[in-house]
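The values are calculated or read from the model by the stated rules, or taken from the named source; none is laboratory data. Not measured: the values here are computed from a predicted model. Counting neighbours? That spans all protein chains shown, and the Cβs are built from the backbone with ideal geometry, glycine included.
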Amino acid sequence: MKPYKLKYYLLALLLPALLISFVVSPNNQSKEIEFKNGAVVTAHGEASKVGLAILKDGGNAVDAAVAVQFALTVVYPNAGNIGGGGFMVYRSAKGEVNALDFRETAPAAASKDMYLDAQGNVIQNLSIYGHLSAGVPGSVDGMIKAHAKYGKLKWAVLLEPAIQLARKGFKITSMQAREMNKHRSDFIKYNQPGHNYLLKEGDWQEGDLLVQEDLAKTLELIRDKGRAGFYEGITAENIIKEMQFGKGLISREDLKNYKSIWRKPITGQYRGCKVISMPPPSSGGVCLLQLLKMVEPYDLKNMGWNSVKSIQLITEAERRVYADRSAYLGDPDFYKVPVEEMLDKTYLKNRMADFSFEKATPSSMVKPGNFGIPNKGMPKKESEQTTHFSIVDKEGNAVAITTTLNNSYGSHVFVQGSGFLLNDEMDDFSAKPGVPNLYGVTGGEANSIQPGKRMLSSMTPTIVEKDGHLFMVVGTPGGSTIITTVFQTIINVVDYNMGMQQAIDAGRVHFQWLPDVVQYEEIGVDSTTNFQLKQKGYATEVRNGIGRTDAILRTPSGLYQTGADKRGDDNAQGW
Ligand code: GLY
């Protein structure tokens, strides 16, 4: 072949490969932003600014987190909340770790079959919309507990920014306008006529001012009376009135009795890093550690990022982990969760023994692992609408909080006179073993409904430590995709050496045992890889916008690199 022909020939061969690598490499355009004294990353710019102002005023990471939680209630009403719950993972600059469970609980009047009809069938939507779908809210008690143990600034100072945002209003983003318009009919359907600040004549537009005076007053009650400002008095009365109107179950006693709980975080090692995450009633920490431990013996880096081999390995680990999740995870105060057994090194190695790079293991062949405990069911997939924020202060104290109303805008029930939404977290319980919920997955005995019990969660607020120093603060919303998204963000940094923003921008792949389908963001998997996965027996489908990760990475020089997910309005602030 003549030299010039050879040149064209080689070019023709190389061009598709070049194009493919441009499309699917982790985003090289990602711009890394670094701060010296601390950072706050949340789902909304106004909330991030509130957190930063608290840090600059001498508050620590917990002070900023409390202020952000209340600010998100105002500026991010589809998931920010006082009517829901969440989890906090904490690591002090000195390395002390802790976890706070402010998950909602089932009301005392709740019962195992409360969402079934006379024939024993699940009544559609009863656990997702309206008054009966609400669990007893935990966020206010959680924030009070977190502040009492670690806070430095006065409680009232932390409430003030949220009060001002609610009273003076803030300009909504185009994404928020779209969301509120989309949910308009449900706001009308599930509420008594009256003032719902999320409704307006005509459509919301980007830049409209959202003012919430009733919410400002409720926040003032919480500011002045603490717990009693929410769980007693006029706020409690308004919740009870709602329950009477919509035949909900939350009682005065339920509100009075609600307690958030300090728990011992789940910890484990991954390639020299210490991973600190949320224990049950979240499935997040256990499943994340199982995944990391299952892939650790393999050289992910050499396999290549989102290559056929690495996707196979990760998918097969996820298949086994989500099968376990279905049977063994629930509220540890009601069900003995076999955490130690699930994280046992030999168990996890044996779990992967039948995995082969030759072809997919069908999910029908994979059952929950056997610890001699009866397996009575399968898991539920959870809501996509939750929110996560990550904060590091000047001293190096770190907070990861994931908080939720469950579905977008929760139950859609707006507490009249108090100006906030109630969660629909009861849907995270298993309404009936083996019956899939809204998101196509099912649950079992470990997660059955019982009075006072916490529903299983996937929320995975996580802190990673390296060489005794803070390394990463990470978390995301995304229902059952939360665990796999946090997992991928960690391996993107640890195995593939990405910066924080790059690790978040990179396309994601999700698999959860059932359905037996690998879901991927288009930017994450090229057509050749997809074709080869199919040839090996994997069903695949495109899914848009998996997760919205907000995270902070400490660089070797001690700077804080932020990552705010561009899939949403997420925003990083620092100084
Ligand atoms: N409701 C979302 C979760 O707790 O995982």
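Determine which single condition R223 fails, assuming it passes every other condition in (1) free of Cβ contacts under 8 Å to residues at least 24 places away in the same chain; (2) closer than 30 Å to A398 by Cβ; (3) more than 26 Å from the chain's Cα centre (by Cα).
Only one criterion in (1) free of Cβ contacts under 8 Å to residues at least 24 places away in the same chain; (2) closer than 30 Å to A398 by Cβ; (3) more than 26 Å from the chain's Cα centre (by Cα) is unmet by R223, namely (1).
Every residue in region 453-467 that is charged (D, E, K, R) and either within 17 Å of V399 (Cβ to Cβ) or within 16 Å of the ligand (Cβ to nearest atom) (or both), please.
So the first thing to find is which residues in region 453-467 are charged (D, E, K, R), and the list is 453-454, 465-467.
Within region 453-467, K453, R454, E465 meet the criteria.
Can you tell me how many residues within region 268-285 are of a type in the set (S, T, N, Q) and more than 18 Å from I401 (Cβ to Cβ)? Break it down into steps so the answer makes sense when it comes.
Here is the first cut: in region 268-285, the ones of a type in the set (S, T, N, Q) are 269, 277, 282-283.
Narrowing the set further to residues that are more than 18 Å from I401 (Cβ to Cβ) leaves 269.
The qualifying residues number 1.
Of all residues in region 542-559 being under 22 Å from the mean Cα position of the chain (by Cα) and not hydrophobic (A, V, I, L, M, F, W, C), which is modelled with the lowest pLDDT?
Looking at the filtered set, the residue picked out is N544.
Just checking, how many residues over region 88-127 are away from the ligand (no atom under 16 Å from the Cβ) and assigned to a strand (DSSP E or B)?
Total meeting the criteria: 6.
Within region 263-271, is there a residue that is touching a helix residue (DSSP H, G or I) at 6+ places or on another chain (Cβ under 6 Å), hydroxyl-bearing (S, T, Y), within 16 Å of the ligand (Cβ to nearest atom) and assigned to a strand (DSSP E or B)?
For region 263-271, residues touching a helix residue (DSSP H, G or I) at 6+ places or on another chain (Cβ under 6 Å), hydroxyl-bearing (S, T, Y), within 16 Å of the ligand (Cβ to nearest atom) and assigned to a strand (DSSP E or B): absent.
Yes/no per residue for (1) farther than 23 Å from Q290 by Cβ; (2) in contact with a helix residue (DSSP H, G or I) (Cβ under 8 Å, 6 or more places away or on another chain); (3) within 15 Å of the ligand (Cβ to nearest atom):
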site: K394; (1), (2), (3): yes, yes, no
site: L405; (1), (2), (3): yes, yes, yes
site: Q416; (1), (2), (3): yes, yes, no
site: L421; (1), (2), (3): yes, no, yes
site: H469; (1), (2), (3): yes, no, no
site: V473; (1), (2), (3): no, no, no
site: T481; (1), (2), (3): no, no, yes
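Quick check, is F487 within 16 Å of the ligand (Cβ to nearest atom), under 25 Å from V337 (Cα atoms), aromatic (F, W, Y) and in contact (Cβ under 8 Å) with a residue 24 or more places away in the chain? Show your work before the answer.
Details: within 16 Å of the ligand (Cβ to nearest atom): yes; under 25 Å from V337 (Cα atoms): yes; aromatic (F, W, Y): yes; in contact (Cβ under 8 Å) with a residue 24 or more places away in the chain: yes.
Against the criterion (within 16 Å of the ligand (Cβ to nearest atom), under 25 Å from V337 (Cα atoms), aromatic (F, W, Y) and in contact (Cβ under 8 Å) with a residue 24 or more places away in the chain), F487 qualifies.
Go through (1) more than 14 Å from the ligand (Cβ to nearest atom); (2) under 18 Å from L313 (Cβ atoms); (3) in contact with a Pro (Cβ under 9 Å, 6 or more places away or on another chain) and name the single condition S448 misses.
(2)
Looking only at residues that are in contact with a Gly (Cβ under 6 Å, 6 or more places away or on another chain) and charged (D, E, K, R) in region 423-437, which one is nearest to the ligand (Cβ to nearest atom)?
E425
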